[in-house]
Every structure is written in C-alpha cells, then in structure tokens.
Amino acid sequence: MNEALRHTAQDYTVSLPAAEYIAVYRDARRFGACCRACPNYGRSWACPPFDFDVDDYLAGYRTALIIATKITPASRDLPLSEAERLLQPERQWHERLLLDLEARYGGRAFAYTGTCLYCPKGSCTRPEGLPCRHPERVRPSLEACGFDLCRTTESLMGIPLRWSTDGRLPEYLTLVGGFFHNADAIDLKAVWQALKP
Ligand code: SF4
C-alpha cells in the first residue's frame, strides 16, 4: 500500500424493514434537488436521472440492509484531493460485496455516491448518448434514490459523517451502500469470507 494512503477500515451493518427505511430516511424532493445541482447530473449512467422509476425500483422488498465502512487515514496530513485514491480500494471491495449479495440472494444493491469505478475517469458513454459499457456492475447510490445518508449513518449506526473544513482529509471518510432484499436471513460473514483476498 502507498504509505501516504495507509488507513484502517471498519465495517458496520444494520437491517431494518425496507418500508420503514423509505418512510423515515427518504426525502426524494430534497436529495433530487441536490443531484440536479451536481455537475455529474445526467452525465454518468450511475447518476440520475435514471431510465427507471425510482419508486418502482425500491418497491417489493421487505428488508433494507445498510452497509457502511468507516475509513480512518493514518495521517490527516493529506489534501482532500487524495480522498478518491484513499477510497478506491474500499469502494472496489464494497461494490464486489454488494454485487455478490445480489447474485446470492436476489434483491437490489445500492452503491456509494461518486464517480463510476468501471471506466477511466471522464469517459462515460452517457454524454454521447451511448449505452453503459458495464450495466451488470453499475448500481445507483442510496443518495441518488433520495435517501438521507447523514441521518442513516448517524441514527442507525452511530457514525456522524465528517467533512473537510480546511482542505485536508477529515478525521475519517464513510462509504455507505445498501441491499434491499426478501431473504429470510443473510449470512454476511460467509459472503465476506468468500470474497476476502
Ligand atoms: S460503466 Fe462506464 S459507461 Fe457505465 S456508467 Fe460507469 S463510466 Fe459510464
């Protein structure tokens, strides 16, 4: 590992009824406005507006499993511009886990907000009106579907999100993904063990 990017990563999970998560933690109007103000809006297939109806997309699942990873850099003496490089390996791991859960249990995975992992930066096909190169891997984020991730992590997991205030990395970064499903039980430990290198 690049010495400057050394960090620790701690995983957190919580399950709750999907209907409760939607009723209490979703504000589609508020977060839709945030997405529309983002320069990536409509410029990546991972971002809104989506070619599916989000209400329909979320419907029909009993349980919402939220998976967060708290990433604490060994040193805060790094510019915020390094956040993406710090997050990259953990994001790759998160997205493998979420796609593996979909493959094992059915359901829907929700990835972390941010630039898409699967093509070189700036090369998404969407601005040219061409189809996504990897639709089997790209999933929307919870935030892009209207969920409040600050309240999600703080109320459900006891992790307040941290932001940079001085151009340096904050004390920690938090990746948040989700998995909506109808399984009676999810053996996360087995999935983790199967995927860990
Ligand atoms: S996989 Fe490529 S084409 Fe698809 S959303 Fe990501 S960057 Fe765009």
**Request:** Could you grab the pairs with beta carbons closer than 7 Å, sequence gap of 6+ or different chains, first residue in segment 111-130 and open to solvent by 40 Å² or more (accessible area, probe 1.4 Å), second one aliphatic (A, V, I, L, M) and within 9 Å of the ligand (Cβ to nearest atom)?
**Result:** Cys116/Ala46; Cys116/Val138; Tyr118/Val138
**Request:** Mind telling me which of the residues Pro160, Pro170 ends up being of a type outside the set (A, V, I, L, M, F, W, C) and closer than 16 Å to Glu90 by Cβ?
**Result:** Pro170
**Message:** For the structure I just gave you, tell me whether Pro73 is open to solvent by less than 30 Å² (accessible area, probe 1.4 Å) and within 18 Å of the chain's Cα centre (by Cα).
**Reply:** no
**Prompt:** Condition test on Ala59, is it more than 15 Å from the chain's Cα centre (by Cα), under 20 Å from Trp192 (Cβ atoms) and open to solvent by 30 Å² or more (accessible area, probe 1.4 Å)?
**Reply:** no
**Request:** With the condition kept exactly as written, say whether any residue in segment 168-176 is open to solvent by 30 Å² or more (accessible area, probe 1.4 Å) and farther than 17 Å from Ile71 by Cα.
**Result:** no
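Which residues, counting only those in segment 156-167, are open to solvent by 20 Å² or more (accessible area, probe 1.4 Å), closer than 28 Å to Pro17 by Cβ and either among the charged types (D, E, K, R) or part of a loop (DSSP other than H, G, I, E, B) (or both)? Can you show your working first?
As a first pass, look at segment 156-167 and keep what is open to solvent by 20 Å² or more (accessible area, probe 1.4 Å): 156-158, 160-167.
Those left that are additionally closer than 28 Å to Pro17 by Cβ: 156-158, 160-161.
Result: Gly158, Pro160, Leu161.
Which of the following residues is in contact (Cβ under 8 Å) with a residue 24 or more places away in the chain, within 16 Å of the ligand (Cβ to nearest atom) and open to solvent by less than 60 Å² (accessible area, probe 1.4 Å): Gly32, Gly42?
Values: Gly32 fails: within 16 Å of the ligand (Cβ to nearest atom).
Result: Gly42 is the single residue among Gly32, Gly42 that is in contact (Cβ under 8 Å) with a residue 24 or more places away in the chain, within 16 Å of the ligand (Cβ to nearest atom) and open to solvent by less than 60 Å² (accessible area, probe 1.4 Å).
Based on what the data block shows, is Arg139 surrounded by fewer than 16 Cβ atoms within 10 Å (Cβ to Cβ), under 23 Å from Ala103 (Cα atoms) and basic (Lys, Arg)?
Values: surrounded by fewer than 16 Cβ atoms within 10 Å (Cβ to Cβ): no; under 23 Å from Ala103 (Cα atoms): yes; basic (Lys, Arg): yes.
When the stated conditions are applied, Arg139 does not pass them.
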**Request:** For residues that are under 22 Å from Ile186 (Cβ atoms) and assigned to a loop (DSSP other than H, G, I, E, B), scanning just segment 103-141, find the one that is farthest from the ligand (Cβ to nearest atom).
**Result:** Gly106
**Criterion violated by Tyr105 - all others in (1) farther than 17 Å from Trp192 by Cβ; (2) surrounded by 14 or more Cβ atoms within 10 Å (Cβ to Cβ) satisfied** = (1)
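Among the residues in segment 98-110, are any among the aromatic types (Phe, Trp, Tyr) and over 13 Å from the mean Cα position of the chain (by Cα)? Give the steps one after another, and end with the answer.
Quick first cut of segment 98-110, residues among the aromatic types (Phe, Trp, Tyr) only: 105, 110.
Then keep just the ones that are over 13 Å from the mean Cα position of the chain (by Cα); that gives 105.
Among the residues of segment 98-110, at least one is among the aromatic types (Phe, Trp, Tyr) and over 13 Å from the mean Cα position of the chain (by Cα), which makes the answer yes.
The values are calculated or read from the model by the stated rules, or taken from the named source; none is laboratory data. All of these numbers come straight from a predicted model, not from anything done at the bench. Heads up, the Cβs are rebuilt from the backbone with ideal geometry, glycines too, and the neighbour counts pull from every protein chain shown. Calculation scope for accessible area: heavy atoms of the full protein, side chains included, ligands and nucleic acids excluded. Shrake-Rupley method; radii C 1.70, N 1.55, O 1.52, S 1.80 Å.
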